[in-house]
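Here's the structure we're looking at; comments come further down.
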Amino acid sequence: MAKVEPGMEAMVDVYIFETTALLEQLDEILLRTEKANEFTEEDINEIFRIMHTVKGSSAMMGFENLQVLAHKGEDMFFIIRENPEKMTDVGFVYDLVFQMSDLFKAEIDMIQNDDDYEPTDFSDMLAKLEKGAKMLKGELDGINEAESASAAAPAADDTASAAAAAAPDCTTVRVFFEDGCKMENIRAFMLINNVKESVDDVEIVSYIPEDIESNQDSANVIIDNGFILSFRAPDVKAVLSAIESSLNVESYEVIDANAQKAEEAEQAAAEAAPIQQETAAAGSPAAPSAPAPAAPKPAEKPKAESKAPAASSGGGKQSLISVNLQKLDQLHDIVGEIITTESMVISNPELEGLRLESFTKSARELRKLTADLQDTVMSIRMVPLTGPFQKMNRIVRDMKVKLNKDVELVIEGDTTEVDKSIVDNLNDPLMHLVRNCMDHGIENTAEQRIAAGKPAKGTIKLSAMSSSGEVIITISDDGQGIDTEKVIAKAERNGLLMKPASEYSEREIQNMILLPGFSTNDVVTEYSGRGVGMDVVKSNLSKMGGSLTVESKKGEGTAFIIKIPLTLAIVDGMEIMVGDAEFTVPISVIKESFIVKRDQILNDTKRGEMIMIRGVCYPMLRLNEKFGLYSEVNDIEDGIVLLIESENRGICLFADKLIGEQQVVVKPFPKYLSQYDIKGQGLSGCTIMGDGSISLIIDVNNLIGSH
Amino acid sequence: MDIKELFAKQEEMKQKNLNAKNEKESEITKVMTFYIGDQVYGIEIPSVIEIIGVPHITVVPGIPYYIKGIINVRSKVVPVIDMRSRFGKEEKEYTDRTNTIIIEEAGVSVGVIVDEVIGVIPVFQKNIANSPDRIGVNDNKFIKYLLEMPDGIKLVLDVAKLIYDGDMYLVEE
């Protein structure tokens, strides 16, 4: 994380969390409005509010570059907000704001991950945004010249009456902000908003300086002369108290005689805080010449904290809390231990043969409750796939513009829930696959599609469903499909073929595109074509225990099918014995288990024992030999054989006997053993069984690999 | 020199000696002692989590011969090291006198299998002899200090070295 003042780390966490959420929300709104091709007033207000919160909190945290960036973005939407009905063509705004939000995300990522974070210079983007704002303004100029002078300032129609202090029923106040609170112009703007929000029927007549929204230097003017606000309201007192309660307001004074009455009423309240009036009377507070120290005072923290969540929840009640994932893991571990301990108690050998009616009853009760507890803890970690799926909207949108392809993204089953740790790792693989569909899958031009009898608009479908402990995610397009001839030719060129080209099945060829160093796109584009990607996707997925396959029909489209386990922490396993050691084989890889006759075994001098099953020859691995265990079962007819398959490779395991199926909680090997390569031996972890013994979990990929 | 001054100096010296003696006799720590073969070894009490018999050990492939495998200590998976074979001595069959001492250092737990636990003794500064090199055996690098007790020399093991310095350094996760 970026270095911040001591004690501020927690604040930075909150800042990162909130800002990321807001930016995602921003993306979402932009995508939606762009699709609908219209901004509703609500959308604009929402965007404006997001920009504003981001700006405010960036300023609080002292990330000046971000704050200025958000400010410029806000400017643009200010113009739009003030003149919504006049907005006809705002297409360029989307590009600008998307770019801005990307810069923001990148910067926040740096703040989060870089120890020696240096603020990035955004001047390019700032210039672009400024230009964008000018363009918007220019558009307005044609329509309403009168407003052009100060399009960025609200209530601009009243420029002339800036000195409205003299207006009859007007109240004018001079407000001073806390010393060194920075961004006085923004504070002033927030003050106005605050007044508008908290008091009905208030009419802001004018304020000096007027250009608080667009001019950074106005901050210095406010520091020197205070911020002068004229307003008209039936309840002057309410407005004054709103001003008083606004963030960072140090003091204010009513400088208009007409409001004398209100001031008198205020006097009573002011007695409670006499310093305020005193400071005001003493004239302008000593102003720091340059805008401010790097970080806000600690005293501001609670305010900032309480403000931001309130803003982001949009007034609605939040029924969600964010919890540190580590704590959940801890909870999960403890629950696992409780379950193990429970079976140790209930099936304690000392209880054997005793008649314990009420004990048995209570034990049953306990078992039910612990099972509920486990389910609940598991469900806490489950999150819907909505997040990573929705992000793909953005990628499709960007590529659509860049590649000039008309494509629609259809999302199905995004409410399917998966373990949090898996969702976190899904973003990259999904992104690669969606890009691949956009770039390689969908035909280059609409004409090609029409010629092939397909609608001009391409479709990419992202769907998820869960089936027996696995989540199946399919990314499919209705594009040109995989050209197997091209693929095999390319594979040959790249030296990826292991046997004569004619011997490859269609499926094998299609799956070649997942090999490292393969890319059929002859031209390297910004998005794909470098030949990295697909193999990275595949290895990322297999790290999570998942798999990736391709199905394609030439001319009809391509589908990538991802299968991942629902959770990494619990495995449905088959318990097997080898000597006196117990092993767990994940059920998902077991194809079948059977007893073999001696004459089914083939002996190959080079590769050892083999077995022929339905025309396929599988190597036989005796687990006792592999793991150096003593076992009395050495005759192949006495034991049991498991056929396991993973990533299209199969192997037969020979064990003494099967014990049965069981859900086990996966535990990593103790830290002390991490210096040795146990994983390479084909073991992924261990688990504690109900009777307190330890069972080793077999990692099929490594086991096959090491054989 | 004034006789008074001399007297004061003498008094001061006396006090100093007394202090030094106290220091030598104040208890520094407690050490749990046990046999590995005929030699008495010790581990400082703060490192000791608990002492159990030898539970069922699950054999794990791919680890050195002296790490016998992993055990379940109250739902925690802990590796066990046979100290006899770690120190290059001949292995002996485990009996009901054989103990596993669970030790912990910086969050890493390890069980060490010893022939027999003797008991706990207090350690004073005067007992500590800092010359481990006089024992010319290959358990040298694990010795923190020697204890010269009336009933013989005891070797106090350095738990941190035992845990972090197998033959290589522990790879941090």
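If you go through the stretch A:554-611 and keep only what is buried (at least 17 other Cβ atoms within 10 Å of the Cβ), closer than 30 Å to A:G481 by Cβ and of a type in the set (G, A, S), you end up with A:G557, A:A559, A:S588.
For A:D375, the stated conditions do not hold, so it cannot be described as in contact with a Ser or Thr (Cβ under 6 Å, 6 or more places away or on another chain) and either loosely packed, with under 13 Cβ neighbours inside 10 Å or within 23 Å of A:I460 (Cα to Cα) (or both).
A:N701 meets each of the listed conditions (1) in a strand (DSSP E or B); (2) polar (S, T, N, Q); (3) within 31 Å of the chain's Cα centre (by Cα) apart from (1). Can you find a residue that is at pLDDT 90 or above, crowded, with 18+ Cβ neighbours inside 10 Å and among the polar types (S, T, N, Q) anywhere in the stretch B:86-104? Checked the stretch B:86-104: at least one residue is at pLDDT 90 or above, crowded, with 18+ Cβ neighbours inside 10 Å and among the polar types (S, T, N, Q). For the stretch A:647-673, give me the residue count where each residue is under 31 Å from the mean Cα position of the chain (by Cα) and within 23 Å of B:G107 (Cβ to Cβ). Going through the stretch A:647-673 one residue at a time, the tally reaches 6. Hey, does the stretch A:651-673 have a residue that's in contact with a Cys (Cβ under 8 Å, 6 or more places away or on another chain), of a type in the set (V, I, T) and surrounded by 21 or more Cβ atoms within 10 Å (Cβ to Cβ)? There is no residue in the stretch A:651-673 that is in contact with a Cys (Cβ under 8 Å, 6 or more places away or on another chain), of a type in the set (V, I, T) and surrounded by 21 or more Cβ atoms within 10 Å (Cβ to Cβ). Note on the stretch B:1-109: enclosed strands (runs of 3 or more DSSP E) holding 2 or more residues that are within 14 Å of chain A (Cβ to nearest Cβ) are B:48-52, B:67-73, B:76-82, B:99-105. Among the residues of the stretch A:644-682, write down those that are within 14 Å of chain B (Cβ to nearest Cβ) and assigned to a loop (DSSP other than H, G, I, E, B). Within the stretch A:644-682, A:V666, A:P668, A:F669, A:P670, A:Y676, A:D677, A:I678, A:G682 qualify. Only residues that are among the acidic types (D, E), more than 24 Å from the chain's Cα centre (by Cα) and within 24 Å of A:D428 (Cα to Cα) were counted across the stretch A:535-593, and they come to 1. The number of residues in the stretch A:684-695 that are within 7 Å of chain B (Cβ to nearest Cβ) and not β-branched (V, I, T) comes to 3. Taken over the stretch B:110-123, the residue count meeting the criterion of being surrounded by fewer than 20 Cβ atoms within 10 Å (Cβ to Cβ) and either more than 10 Å from B:I51 (Cα to Cα) or within 14 Å of chain A (Cβ to nearest Cβ) (or both) is 6. Counting residues in the stretch A:67-82 that are surrounded by fewer than 23 Cβ atoms within 10 Å (Cβ to Cβ) and either more than 30 Å from A:T40 (Cα to Cα) or touching a strand residue (DSSP E or B) at 6+ places or on another chain (Cβ under 6 Å) (or both) gives zero.
Note on the stretch A:610-643: among residues that are in contact (Cβ under 8 Å) with a residue 12 or more places away in the chain, within 14 Å of chain B (Cβ to nearest Cβ) and under 46 Å from the mean Cα position of the chain (by Cα), the one that is nearest to B:K76 (Cα to Cα) is A:F627.
Right, A:I422: in contact with a helix residue (DSSP H, G or I) (Cβ under 8 Å, 6 or more places away or on another chain) and either assigned by TED's automatic domain parsing to the domain that holds A:E556 or farther than 23 Å from A:F518 by Cβ (or both) or not? Here the answer is no, as A:I422 does not meet what is asked.
The values are calculated or read from the model by the stated rules, or taken from the named source; none is laboratory data. These numbers were taken from a predicted model, which means no experiment stands behind them. With ideal geometry, Cβ positions are generated from the backbone for all residues, glycine too; neighbour counts draw on all protein chains shown.
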